[in-house]
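Before any comments, here is the structure.
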Amino acid sequence: MKYEIYKELKVTDDFSVFDFVSAGRFGNIPKRIEFMRTEIDNHYNLAFGDVDEDGNIDDYSISDNGDRNTILATVAFTVDIYLAKYPDRLVYFRGSTQERTRLYRMAVGLNIDELSLKFEIFAEQKNGFVPFQKNMEVLGILVKKK
């Protein structure tokens, strides 16, 4: 993506967790991206959000720190790193709310030309997965390394 990313990432040995700090108008806010196994072989869920006081991901918090594009670019960067390490895996994500899913869909749509150079991208719809296209309604997004 054509945006700055947070370069100071703390990564677990198995690349399943990426921690970074959002720096913006409300100060420094710890963030976490976690790739979690699902019941489907080689399918992993991407969880993302603020790190709460107990060290868990809070994917409902709204930090509004003024760095949305940097955060989304950082998430895309970590997906690229993760799938480079595990090229046979697929990564699924959707927002914790319809509004967040729409934000993710718009971010992918705005950057589809660049993202599709590295990834096969599918949109989850009511009847299953179809190739992603700009401005389509989605329930979630599935990404595979090309």
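Every number in this text was worked out from the coordinates using simple rules, so none of it is lab data. Computed from a predicted model, the values in this text were never measured in an experiment. Methodologically, a virtual Cβ is constructed for each residue, glycine included, from the backbone with ideal geometry; neighbour enumeration extends over all protein chains shown.
Quick notes on this structure:
- Filtered residue count, the range 10-19, keeping only those that are surrounded by fewer than 16 Cβ atoms within 10 Å (Cβ to Cβ) and in a loop (DSSP other than H, G, I, E, B): 4
- Criterion violated by residue 65 - all others in (1) over 13 Å from the mean Cα position of the chain (by Cα); (2) under 23 Å from residue 129 (Cβ atoms); (3) surrounded by 15 or more Cβ atoms within 10 Å (Cβ to Cβ) satisfied: (2)
- Enumeration of residues in the range 122-135 that are within 23 Å of residue 80 (Cβ to Cβ) and either basic (Lys, Arg) or not in a strand (DSSP E or B) (or both): 132, 133, 134
- Test: residue in the range 96-106 that is on the phi < 0 side of the Ramachandran plot, touching a residue at least 60 places away in the same chain (Cβ under 8 Å) and buried (at least 16 other Cβ atoms within 10 Å of the Cβ): no
- Of note, residue 36 satisfies the criterion of being part of a strand (DSSP E or B) and either among the aromatic types (Phe, Trp, Tyr) or out of contact with any Cys (no Cβ under 6 Å at 6 or more places or on another chain) (or both).
- Of the residues making up the range 15-34, those that are over 20 Å from residue 103 (Cβ atoms) and in contact with a Lys or Arg (Cβ under 8 Å, 6 or more places away or on another chain) are 15, 17, 19, 21.
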